[in-house]
Amino acid sequence: MAGYGITDSAVYVGSEVCKECHEVEYQNYKKFSKKAHSSKSVKIMASDLDDDELKECFACHATGYGKPGGFISFEQTPELADAGCEVCHGPGSLHAQDGDPELIKRKMSIEECEVCHNAERVNNFNYKPLIFGGAH
């Protein structure tokens, strides 16, 4: 996430850590955002998928998959199993440590959303992408 005021040393910490300072946003995320429960659909489908297909699911349904400090597996990193705050805002360890707003990504672009919410996935899975995901 270099270039966004976030150093390369930041790691993923999970949405529960964000809750400590952002209680309202966290509660809205948990209550209204489908992302907060995104691992459920992966778990339902897992037995029908090969390893490569499963990895494709993790890329959007988990936090930080394939990135340093990101989701590894449901057993090893359960706190990152859902698409949490850091999917959009980037790894939050440094921001959580000292609260500096420059250490987390605050403004997103539609192009960043389209990494997961793209036309192919919309057509394949018949869902409507939402810019407002419930938290903000």
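The values are calculated or read from the model by the stated rules, or taken from the named source; none is laboratory data. Keep in mind it's a predicted model, so treat the numbers as computed, not measured. Here the Cβ is made from the backbone with ideal geometry for all residues, glycine too, and neighbour counts use every protein chain on show. Quick note on the areas: whole protein, heavy atoms, side chains included, nothing else; ligands and nucleic acids left out. Shrake-Rupley method; radii C 1.70, N 1.55, O 1.52, S 1.80 Å.
Results, tabulated for the structure shown:
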read-out: Count of residues meeting criterion [touching a residue at least 60 places away in the same chain (Cβ under 8 Å) and open to solvent by 40 Å² or more (accessible area, probe 1.4 Å)] in region 90-102; value: 3
read-out: Those residues of region 110-136 which are at pLDDT 85 or above and open to solvent by less than 70 Å² (accessible area, probe 1.4 Å), in sequence order; value: GLU112, CYS116
read-out: Unmet criterion (only one of (1) assigned to a loop (DSSP other than H, G, I, E, B); (2) under 18 Å from PRO91 (Cβ atoms); (3) modelled with pLDDT of 90 or more) for SER9; value: (3)
read-out: Among residues of region 14-52, those that are within 17 Å of the chain's Cα centre (by Cα) and either among the β-branched types (Val, Ile, Thr) or open to solvent by less than 40 Å² (accessible area, probe 1.4 Å) (or both), counted; value: 11
read-out: Checking VAL11 against (1) open to solvent by 50 Å² or more (accessible area, probe 1.4 Å); (2) in contact (Cβ under 8 Å) with a residue 40 or more places away in the chain; (3) out of contact with any Pro (no Cβ under 7 Å at 6 or more places or on another chain); (4) hydrophobic (A, V, I, L, M, F, W, C), the condition it does not meet; value: (3)
read-out: Odd one out for CYS57, checked against (1) in contact with a helix residue (DSSP H, G or I) (Cβ under 6 Å, 6 or more places away or on another chain); (2) modelled with pLDDT under 90; (3) assigned to a helix (DSSP H, G or I); value: (2)
read-out: So ASP82, is it outside any helix (DSSP H, G or I), charged (D, E, K, R) and either touching a residue at least 12 places away in the same chain (Cβ under 8 Å) or farther than 24 Å from GLN27 by Cβ (or both); value: yes
read-out: Residue count for region 68-89, restricted to those that are open to solvent by 70 Å² or more (accessible area, probe 1.4 Å) and modelled with pLDDT of 95 or more; value: 5
read-out: Yes/no for LYS55 being charged (D, E, K, R), farther than 21 Å from GLN27 by Cα, open to solvent by 80 Å² or more (accessible area, probe 1.4 Å) and in contact (Cβ under 8 Å) with a residue 12 or more places away in the chain; value: no
read-out: Residue in region 16-28 that is in contact (Cβ under 8 Å) with a residue 60 or more places away in the chain, of a type in the set (A, V, I, L, M, F, W, C) and in a loop (DSSP other than H, G, I, E, B) present; value: yes
read-out: Residues of region 92-121 that turn out to be closer than 20 Å to ASP82 by Cα and hydrophobic (A, V, I, L, M, F, W, C), as a count; value: 6
read-out: Scan of region 26-56 for residues that are polar (S, T, N, Q) and closer than 20 Å to ASN124 by Cβ, ordered by number; value: SER38, SER39, SER41, SER47
